[in-house]
Amino acid sequence: MNRIFSILVLVSALAISAYSLPPAPDVTASLTGPATASPYTTNAYSVSVRNQGNGKAFNVSVSITLPVTNTSPTKHILGTVSGMSNGCQISGLKIVCQIGTLKPNKSGSKSFNLELPVSAQPWTITADASTTSNEYNTGNNSANITPNPVYVDHQVSSGNALVTHCTGTNLISYFECMLYPSSISSHQVSLQQGGTLNFSYPGYGGTWNQPSDSELVMQYTENGTPVMNFQGYGSNSNCFEGIATFPQNTQYMSVYKVCL
């Protein structure tokens, strides 16, 4: 009896394996661009969508998620988009590109340019492909890339600096200040040889140093007590941008742009 049952199971398995599923598409996305990027430099990115299935993929599109600001209540794309391919447009915080119908083993591609600012969060870009046709496998529809920032060298010996800034909660980039110019304030500070800071305000002082040629660290003090810590990175040959925190007021923080 067991032998007969085993034979029936084997026959059933062979019948199932011989059954061919209906043809179906399988769209997969790939995203290419530079492995590194400098702030405020335009870089080109390309998205390719391929149908590696055995059925047509209709109404194929790709949605590209870009880095975004942490402004509240309205968020914005963190950076400047340009040079989009035909069939692409900005929709909310994303670039959406229409590719159309893809036959089996065919692909379509779109490209765009992106200029990114100094940011406290990674520059992650994600592409998600989709089709209105039924796919058996959707696990390969996404791709992402996170270019590593390469900051601009600016070796400082001493000099007078103009510091512009805006204040809020959980800000990540001076780019956010530029979106709301009325929020920007400024002050001046003199970086002295030997690593001290000089202000025109009584009681204020501090220190500065450069961990590397592309970094600037400052600490402001009031009557000897630390009141602000800043770490910035070279955004161009004259300026550093970064986050400023306040040890005595942890509810708020600022984004500083320090230009010498």
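Observations on the structure shown:
- Shown for region 162-260: the carbon plus sulfur share of the solvent-accessible area, taken with all protein chains present and a 1.4 angstrom probe, equals 47%.
- The chain: relative contact order as a whole-number percent, Cα under 8 Å and 6+ apart: 18
- Tilt relative to the chain, helix 2-18 - C-alpha long axis, 0 to 90 degrees, to 10: 60
- Spatial offset of region 107-169 relative to region 243-260 amounts to 23 Å, using the alpha carbon center of each.
- When shorter helices are ignored and each DSSP H run of at least 4 residues is given -39500 (n - 2.57), the per-residue value for the chain at 222 nm works out to -2500 deg cm²/dmol.
- For the peptides 143-151, 83-91, the ranking by packing is 143-151, 83-91, with the highest mean count of neighbouring Cβ atoms within 10 Å listed first.
- Pairs of Lys residues in the chain that lie 8 or more places apart, or on two chains, and have C-alpha atoms under 16 angstrom apart add up to 4.
- Dipole magnitude (debye, nearest 20) for the chain, charges at Cβ of Lys, Arg, Asp, Glu: 1060
- The smallest convex shape that holds all Cα atoms of region 113-196, its convex hull, gives 180 Å³ per residue.
- Take each peptide in 55-61, 190-196, count the other Cβ atoms within 10 Å of every residue, and average; sorted highest first, the result is 55-61, 190-196.
- Dipole axis of the chain (+1 Lys, Arg; -1 Asp, Glu on Cβ), positive-most option in Thr65, Gln155, Cys166: Thr65
- Sum of side-chain charges, Ala161 neighbourhood, beta-carbon under 13 Å (Lys, Arg +1; Asp, Glu -1): 0
- A 1.4 Å probe run over the chain, with the rest of the protein chains in place, finds 53 Å² accessible per residue.
The values are calculated or read from the model by the stated rules, or taken from the named source; none is laboratory data. Model, not experiment: these values are computed from the prediction. A quick note on method: Cβ atoms are made from the backbone with ideal geometry, for glycine too, and the neighbour counts reach across all protein chains shown. Note: areas computed on protein heavy atoms with side chains; ligands, DNA, RNA excluded. Shrake-Rupley method; radii C 1.70, N 1.55, O 1.52, S 1.80 Å.
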